[in-house]
Structures are given as C-alpha cells and as structure tokens.
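Derivation of every value follows stated rules applied to the coordinates shown; laboratory data play no part. Owing to the predicted nature of the structure, the values given are computational and were not obtained by experimental measurement. Cβ coordinates were reconstructed from backbone atoms using ideal geometry, including for glycine residues, and neighbour counts include every protein chain displayed.
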Amino acid sequence: MPDTAKPDSLKIRVLVRPKEGILDPQGEAVRGALPALGFDGVKTVHVGRLIEMEVESADEVDAMCRRLLANPTVEEYEWEVVS
Amino acid sequence: MPDTAKPDSLKIRVLVRPKEGILDPQGEAVRGALPALGFDGVKTVHVGRLIEMEVESADEVDAMCRRLLANPTVEEYEWEVVS
Amino acid sequence: MRVGVTVFPGSNCDRDALHAVKLMGAEPVELWHADADLKGSDAVIVPGGFSYGDYLRPGAIARFAKVMAPLEEFAREGGPVLGVCNGFQVLCEAHLLPGALLQNTHLRFACDRVRVRVETADTPWTAACERGEELVLPVAHNEGNYFADAETLARLEDEGRVVLRYLENPNGSMNDIAGVCNEARNVVGVMPHPERVSDSALGSDEGLKILRSVLAGATV
Amino acid sequence: MLGLSDFEYDRILELLGRVPNFLELSLFSVMWSEHCGYKNSRPLLSRFPNEGPRVLQGPGENAGVVEVGDGWALAFKVESHNHPSAVEPYEGAATGVGGIIRDILAMGARPVALLDALRFGPLDDERNRYLFREVVRGIGGYGNAVGVPTVGGEVEFSEAYSGNPLVNAMCVGLIRTENLMRSRATGEGNLVVLLGSKTGRDGIHGATFASGELTEESESRRSNVQVGDPFAEKMLIECCLKLLEEDLLVSLQDLGAAGITSSASEMAASGGVGIDIEVEKIPRRESGMEPFEAMISESQERMLAVVEPGDEEKVLAFAQRYGIGGTVVGRVAGHGDLRVIENGEIVGSVSAEYLADAPVYEREIVRPEYLAEVQKLDLETIPEPDDYNEVLLKMLAHPNLRSRRTIFGQYDHEVGTNTVVRPGADAAVMRIKGTKRGFAMTTDGRGRHCYLDPRGGGAATVAEAYRNLSCVGAEPVAITNCLNFGNPEKREGYYQLAECIEGMSEACEVLGTPVVSGNVSLYNETARGPIYPTPVVGMVGVLEDVTCHATPAFKREGDMVVVLTGTMRPTGESPLAGSEYLEIVHGRVAGVPPKPDLAAEKRASDLVRSMVRSGLIDTAHDLSGGGELVALAEMALSDGIGLEYSVPEIEFMSGHGRLLENLLGEKGAGFIIAFPEERWDEVQDALSDFAYDNIGYTGGERFELEGLIDLGMEELREAYERDLFGVPGEVLGGSEAVG
Ligand SMILES: Nc1ncnc2c1ncn2[C@@H]1O[C@H](COP(=O)(O)OP(=O)(O)O)[C@@H](O)[C@H]1O
Ligand SMILES: [Mg+2]
C-alpha cells in the first residue's frame, strides 16, 4: 500500500460487557421497566460500555482493552477497526 | 422459511453515544489521561453505552431506544440485529 | 510515624484523611499522583473520592498514576496500605486486592451510617480492634458492591481475609463484605470511611480504632 | 430579534449612535436578558435591606459574604436552574450545582456546603417522577464527585410545578476575611486568562432561553443543553484556590450565563476599565465556531482571571499541574469597552457600561383577581376528623411531609469532615476546623402560602428560615434568595413578585437578617399557567460554640416535652388556611394563612436559641408543615423514641382553639422542645411568661396522644420512611424511564 493512501488514523470500536454470570443490575432494571412502558417480549437486557477511539495504529488497542478499558475480573471485551 | 427454523428470539445490539457537539467528559478525561499512562497516539475517545437484548421481535426496538435506552436530548443511538 | 495519603486528580477525601492522620497521632504526608515517591511513608492511605471522575470505572485510570509504582513496591514488601472507598476500588483495579466493586444493586448512591463487624484483628489496620467488635461507620459510594468469583470468595472466607462485614448491607455486596485484605494481610480495602468518624467533635471517633491500629503495628 | 424588543433595539441604536453588527447585538441580547440584566426585577429588588453588622459583601458581587468571627467569613448564594432542568433534568441540575459552586469560588472561598431547594409536580405523573428522580441524581452526581457535601435542602410537590420544576441550588464557602476576592478588573495591561474546559456551542443563548416561558419549541431547543463535568470542576476549584493562595490573581470571575461576554463585561464595568478579548485564542471544542458563539457560549467549568504581566507563566504552569486548560485570551484596556478582536481585527466593540445597563421596566402593582377567589374558606366545611390515627398516617406518608432520607441518602453529606448536624434536622450545622465556631444553614420556600397571600407568604418564608436556624442554636445572620416567579409582564406575576419582596423585606428588617445575594428566575410558566410564586430563602447563621446545638430527635426516654404555642393572637385567621392538612386531607388550597407576627417570631426563636446555647436543651423543632402533630411525629421518628402525650385541656376548648386547628394548623412562631425532667425548673424560669403547653414524656414503642392517637412506632415509620422514588428504577436515560 503506498504511503499516501495510508489513513492517518483508524477508527476503533470497543464493546465492553459484564461477563457471563456477573450481576448486571442496570440490565435487570431496564428489563424490569420495559413492560410498564408497554414493551413486551424482551427476554434479557445487558448494559455495557461502548468506547470509540481514533488511533494512529491498532497495535496497542488490545493492551489498552485488557489493561484499561475493561476489567477482566468482571468484564469481557471485543474490538474492531471500523474504518 | 419454515416455522421451525424461525428463531424464537433475536439478539439486538444498541449503541448509544453522546451527540455530536455535546460535551463528553468521560471521553475527554480518558483521552487526557492516556499519554501519562503510557498509551500514545490516541487522538479522540468517546465513551457511550452498549445495550444487548434478546427480543421476540424487532418491531419495537426503535421505540425502546427513543423512549428508554437513549436520552435523545444529549445522546444518539443506532441499533442492529446481530443474530 | 509518617502516613502518606495519595492525591489523585479527583480525590476528594484526601484532605479529610490527612486531617484524620493528624488526629490519630501520626505525621500526614501528601503524595501527589504525578510523583513516583512515597516520601518515606511508613504506611499509606489511598483515600476516597472520584479519582479521574470515576470515568470509565472507579479506580481504572488512577491505578496507572505514577505514584502507584512505588506504592505497589511498598505493598509487595509488606508495607501497610489502606484503601478507603475509591481507594479500595483503586487497589482492586491495581490487583493489590482481589475482586471488584460493582455498582450498588439498587443503582443509587448510598450515603448513610452502617453497622459493620470486625471479622479479623489480624491486619495492620484492625489490630487495635477486637474480632467480632461492632462499629458504626459512614458509607458514601455508588460502586461498593463487592464481587469476587466463587473460588476467590471461598478463599477469602477460609483464610479469614474478610476484614469488615456489613450487619446491614447497603449495596448488595457478596457475603455482606465491607472490606478485605490481601494474602500477606498488609493491604486492606474498606468501603466505609473511618476518617469521617475520627473526631469526637463530629459525634464519633470510632474510625480512629481502625486508623490507630497501624500505630500499634509500627512499634512491634 | 434575539429576544430583544423593538424598544430595546432602538435604545441600543441610541446608545451606540450606529447600527450594531450581529456580534454586538448578540452581546446586548444576552446581557439585556432578564437573567443577566434583571430588567423587570431590579427596581423591586432595591427594596431589600442589605446592611448588617456582619455583612462584608452585599449584593452586586458573585456572592454575599458575612463575617463569622475568628477571622473567618462565609460566602453564599442560591441560584436557579429551572429551565435547563425542565428540558434535561440530570444535566440541568448538575450544571446548576456546578454554576453556583463557581460563584462561591469567584469570591476566593473554598466551597464547603451545598443545599438544594426543589419543586415538582405530583408524583403520580410519570414525567414528574422522571424529573424528580433525575434532578436528584444530577445533584448527587455532581456534588458527590466534586467533593462538596450536600447538607440540606427541601422539596415540595404541587400541581403548580408540573412541567416547570424548580431546581435551586445554594452553595456556601469559607474564606479568611483578608483573602476576599472581588471580580473587579483593574490595571491597564493586565492579562485576562481563561481557565478550565474548552468552549463549545453548548448553551448558546441559554440566558435568553431562561428568560422566556417554556413552550414546546423551547423544549426542543436541545442545543441549549449543557453537560456537567464535575471532575473538571474539582480540578478547577483546586487550581483556583492554589492560585489565590500563591497570590497570583488580581481578580477572578466565574463564567455563567452568557459566558465570557458577561464575565468580561461585568469585570470591566465594575473596574471602570475595558477588556480586549482575542477571540481566536479561546480554546474550542468544536470547529467552525463564529466569534459570537465563542463569546456567548455557556460551556461549563470555566473561570476568568486577571493576572499581572509576568505572572502568566506561573499561572499557566499551575493550570497544567491540575490538568486544566489555561490560556491568555485578552488584556485589560483603558478604553472602557468590551472589545472582541479576531486575528488582530476588531470585530465588535461595545461599552461595558452599556452592556451592564439593561433597560428597566417598572410596572404598576395591581392586585390580581384570583386572590379573592382562593382566599375564600368556610371553616364550617372542614369538620373535626373521625380518626386522627388515619389522618396522621396519611399526612406522614404524603410526599410533602414524608422523610427526605431517600433524597439526602443519595448525597454525600459528610465529605470534608465538617458536618456536625446532618440532613434531617431543621438546619445543617458545620464546624470550622481549628476553632470552636460553627455555622448553620437552611433553605425554605412556601409556594402555596405565597400564592394565597404573597406578602404574608414572603414574610413567613423568612420567618421559617429564622426558626430553623434558631432550633439548631445558630444566630441567623443574613439571607440569600432565589425569586422563582411567573411572567412579570403579566399583572399577576408582577404583583406576586412585588408583594413577596415586600413581605420578605419586612421580615428581614424585623429579624435583622439582611439580603446579601440572590438570583431571579422569572417566566416560570407553561401552557397550564404560572407556578406558585416561590421565593426560596437560604439563610446562614453562626454558632459561637458548635458543640452547643440541638436537633429535633428525641434523645432519651423520659424527657419532658413542651410545646411553645407561639402567637395566641386572635387574628381571626384560621391556622388551617393554606395548611398541609387542608391540601392533603381535603384537597384544597384556600384561605388566608395567618400573617406572621414577626415580633413574636423573633421573641420565640430568640428564646429557643438561648436555651440551646446555654446547654439547657438539646432537642428542639419548629412547627411548620403539618403543624404540631406532624412535628411531634418527626421528633419521635428521628431516633425511634416514642411519646406519651396528654392533650392539654385548653386544646379541647373552643374559641380560637379548635382541637383540629391546634394540632394540625400552621400558626408560625411555634416550637417543641424536650429535656430531662430534672431541668424543668430551669426551663420554666427561662420560659418565664412565654405561653406554653406542658404536654408529655418521651419513651416507649408507641406514639400516643391520649384519647386521640395510638400508633406503634413501626406503623408510623412505615408511612413516613416510604421511598419517594417508588421502586428503584432503571437509570439509563430515556425521557420516559419510570422510577
Ligand atoms: N432536597 C433535599 N436535599 C437535601 N436535604 C433535604 C432535601 N429536602 C429536605 N432535606 C432535609 O430534610 C430535612 C427536613 O426538611 P424540611 O421538612 O424541608 O425541613 P423544615 O420543615 O425544617 O424546613 C432537612 O434537614 C432538610 O435539609
Ligand atoms: Mg423546621
């Protein structure tokens, strides 16, 4: 790839969610509130965090996720380059 | 599609983020802190919310986003069926 | 004895802790987050507040601050470290203590006085208490709901590492845990604020029992 | 155009002698809004007394300042954030807290306490519940993080506030008297430094927004919404206090409504100088902002400082240490104008004095017709209740009287380790470290009373604050106030404003508590009509010995309980008029509540205070909403100690004293005290010729009024401690989220 075509930044999207089995009171509360608003048929709700970044290179993204953006004790993450 | 193949629930992913132009103190603080933590080359950071749900039908998802999951005054959202 | 108090951007109980250190009869030392130096502290308190605004997760950013490197070193060498509230969260994030502090199950900030029981006197921060002793301590937090996986939890209980236990659980924490210590027992994290009840002028100095414990250890 | 009337536009033409450009017109528009210019209220506000022996700074600065003693002073002020909170309750309330903190900081004081005075529509409506829940979360979210304890406040619910909630926040700061800072800019050539967060498009025209009625269109003006960043504020506070300590500032000013425009022009006008702003230097959060946007943006967490040339390096270094922005954006000039310069070119220039000198509208004060209607009350229609047990439980469970624990439990009220009397008492008490002294503060408002009788209600509001401080043992010193009213251009709104101010002023004079700061929020109207006229009073007082204080809680079993019956003046007004009882049990808001007898109020309060200060009593509570019965129940419920109370003979007698009126009427000037029986002789001496009923003893598990009420404490608690927020709910964001 010629240098000129190299984008000077990448857009990264990180999704962080409570690990399976970890209490998610926010998710529970949302699920509990839905019927009262007339929304039925929602079986589960989980609330997590969305982090969107522009970075120069994707090299360190995984390390950032592991060490900063998610807490491995209670959370799991996934990330992707969106553009 | 035969009835039997119909999944009895859809997985929905909702991304909620601060609207353009609305202050995102979390994103700002994280970005500001990163260099001192040894993470360089991050230009912008925005922090939002990830909501994952299992629903029977996607018909009402948009209304749920508008009325409950996002605060249209300061946030924008997008959603998709992931499976 | 010199007791250091870390000051992160957004810490807000740092001044209270420094004041309490004076009341407990030790010399308070302010430890600025950007200086990798414990300034000869004999013990360190990581105080409460909202370090870095609690953005992302409480304690997540603070654990990378420069002052944390010497603090981790100090802790590994057996130096007494007490994390209070946000300080507890920071120590968990830094893996100096096991587990994590999740959002209160009722999803509200909880500011109240709660009764807790001292579950072990075998830490530098509870040495002056009796095991089984009840204290009334203030809590003020949004993420005080202690979580650890089943195995960790069992170990904490077996090894007597639950330091304080709520008699009335304000946040949904597992096994009513209000405070724990590390394996070597020198690092303690508690959600209640002993520094807020260290002055009889405010009606109670029960918190001094906890803070003063570390003085006893120092004379050994 | 831009909220300016034709008359105002002509006036601008006349002042300038030329046609202003758009930028200049924008400056006038924000500065001449009601919010900044006090067009409608200024002539009325001049009625307030504002001098007193302890006053160091009266109205006109960012906050009022009073002397406490031992070299300490208190800076305090209350401010509204009603309109922003109606549109976006969490952020509206949060930024309200942030804004009032910066006012206190601008005086050079460390902010040490917050109070919140709130009003919402009834909780059976979903939108009202949402507003209430989010406003409380917003106040906690900001105050807790910024590390300033929220030690008091109040909340009321009434249909009059549906869709137009009132969110008033008060901040109190502590300062050494010699370090008092003022916002006056001086010294030609001095540099103007902008500290704090970057500037975005948020809150463009917020001041004009706050100066109009709430309409559907205004609710959709989302660009007005500002988001608070308590973390940035915390660092801004610490940085400014450090700069003051290092003596690096000539003057300091917060950026509130109308942003840099109002800060800079006010600093210039009060210093009699000009200020040049190099607008391109203002750090932006968004690209493509026009000069006028940068000038009037209301982005939060910013302060403006004037520093001497040569000091700027040090100032900017401190800003960096605290992780906040710091930029030299202009300088003090000799020309007297607020001059906006973009890349060396003057793009706008207006005399700072003109901007500060909004036109004033004086209107005729005409009694509105509604008063005669609502003041009618035929007491014959209000029978003696069959079952007082039921009445008491119903009243204690009502949101207007229920325990506020579920609110203040969400506020950190102890950070700073100075809170001596926590929320739940009549007033909060704080100590001053290193001295024996303390201070107390309360906020009070009586919208319903002011609606039924604006002048009497205004006076009663001040009297109630005075009682609350006296109960804890503090000597009331001065007040701040927030005038929440409807549209002043309408006859009713203007009359209410004028009359409330008159009543408040009379009370301030008699009680010796001058007005040292305040804020005005007009145009609180929706399609349904105006809110109740609701002046909120924030009063502060001093305790020479902070250990001598009292709280409402019964403290021991067997204490004697005495009711000081206040004025037994046969005024002909029924204490049931405008009472909580009448509204809660009979659904009526009617009658003329008793006019406060200010001399009697003062006498009774002074008496209670002197008993608290001498250590004679440590239990005191005033009679307010719900009268004697509710006050007694609150005292028992505070620490769970019951009561055995024999209703005095006199209360069964007719004449002025129907039983109902005595137990549930709101007479004013009344107190309940409790003390160990062995002090009875001493207490009797202190009371001397003061009217009192000696009525009962504390203790046990029941709340008993002989022959009238017999309830278990558990039953009372169940009613009183009910969660004001209903089932704990989700807290994501959507506007219809239920609680
Ligand atoms: N919105 C609030 N925020 C904090 N504290 C509150 C709030 N509302 C009420 N409180 C506290 O609850 C107690 C009772 O309030 P209130 O009934 O208004 O007292 P009073 O009738 O003496 O003025 C006070 O200590 C008050 O400060
Ligand atoms: Mg009171």
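Details
- Gyration tensor (alpha-carbon) shape descriptor, the range D:354-426, a/c threshold 1.5: oblate
- For chain D: Kirkwood Rh in Å [reciprocal of mean 1/r, alpha carbons]: 26.2 Å
- Degrees, to the nearest 10: D:598-613 long Cα axis against longest axis of chain D: 80 degrees
- Per-peptide average of other Cβ atoms within 10 Å, ordering D:83-93, D:669-679, C:205-215 highest first: D:83-93, C:205-215, D:669-679
- Rounded to whole Hz, the Karplus (6.51, -1.76, 1.60) HN-Hα couplings of the range D:136-151, x for glycine and proline: 5, 5, x, 5, x, x, 7, x, 4, 6, 7, x, 10, x, 9, 9
- Where labels lie 7 Å past Cα in the beta-carbon direction, separation of D:GLU188 and D:ASN343 in nm: 3.0 nm
- Loop trypsin sites (Lys or Arg not before Pro), the range C:158-197 (other Cβ atoms within 10 Å of the site Cβ: 11 or fewer; DSSP): none
- Radius, Kirkwood style, for the range C:1-100 when every pair of distinct Cα atoms is counted (Å): 12.9 Å
- Trypsin sites (Lys or Arg not before Pro) within the range D:1-107, DSSP loop, no more than 15 other Cβ atoms inside 10 Å: D:ARG18, D:ARG47
- Based on alpha carbons, the Rg and Dmax found for the range D:436-526 are 13.8, 50 Å.
- For D:SER351, the residues whose amide H sits under 5 Å from its own are D:LEU338, ignoring neighbours fewer than 5 places away on the same chain, with H placed 1.01 Å from N.
- Mean Cβ neighbour count within 10 Å, used as a protection proxy, ranking D:156-165, D:396-405 highest first: D:156-165, D:396-405
- Each peptide in D:484-494, D:512-522 gets a packing score, the mean of other Cβ atoms within 10 Å over its residues, and the list from highest to lowest is D:512-522, D:484-494.
- For peptide A:52-58, the mean count of partner chain Cβ atoms within 10 Å of a residue's Cβ comes to 6.
- Once the Kirkwood radius over Cα pairs is known for the range C:2-219, the Stokes-Einstein relation at 25 °C and 0.890 mPa s delivers a diffusion coefficient of 148 µm²/s.
- When the Cα convex hull of the range D:402-452 is projected onto planes of every orientation, the mean area is 4.7 nm².
- Sparse-neighbour loop sites [GluC sites (Glu not before Pro); the range D:524-614; at most 12 other C-beta within 10 Å; DSSP]: D:GLU557
- The range B:10-81: mean projected area of Cα convex hull, nm²: 5.7 nm²
- Position B:GLU78, label points 7 Å along Cα→Cβ, spacing to each other copy in nm (shortest first, one decimal): 1.6
- Per-residue mean of foreign Cβ neighbours for A:60-72 is 4 (Cβ atoms of other chains, 10 Å radius).
- Principal axis dimensions, largest first and in whole angstrom, of the protein assembly as shown by Cα: 99, 83, 75
- Inter-label distance, nm, simple model (7 Å from Cα along the C-beta direction), C:ALA216/D:GLU678: 3.6 nm
- 20 Å cut-off, amide nitrogen to a point 7 angstrom out along A:GLU76 Cα→Cβ, residues in the range A:13-33: A:13-28
- Look at the stretch C:30-38: the mean tally of other chain Cβ atoms within 10 Å of its residues' Cβ atoms is 1.
- What the phi angles of the range D:65-80 give under the Karplus curve with 6.51, -1.76 and 1.60, with θ = phi - 60°, is a coupling list of 9, 10, 8, 9, x, 6, x, 9, 9, 10, 9, 8, 6, 10, 9, 9 Hz, glycine and proline written as x.
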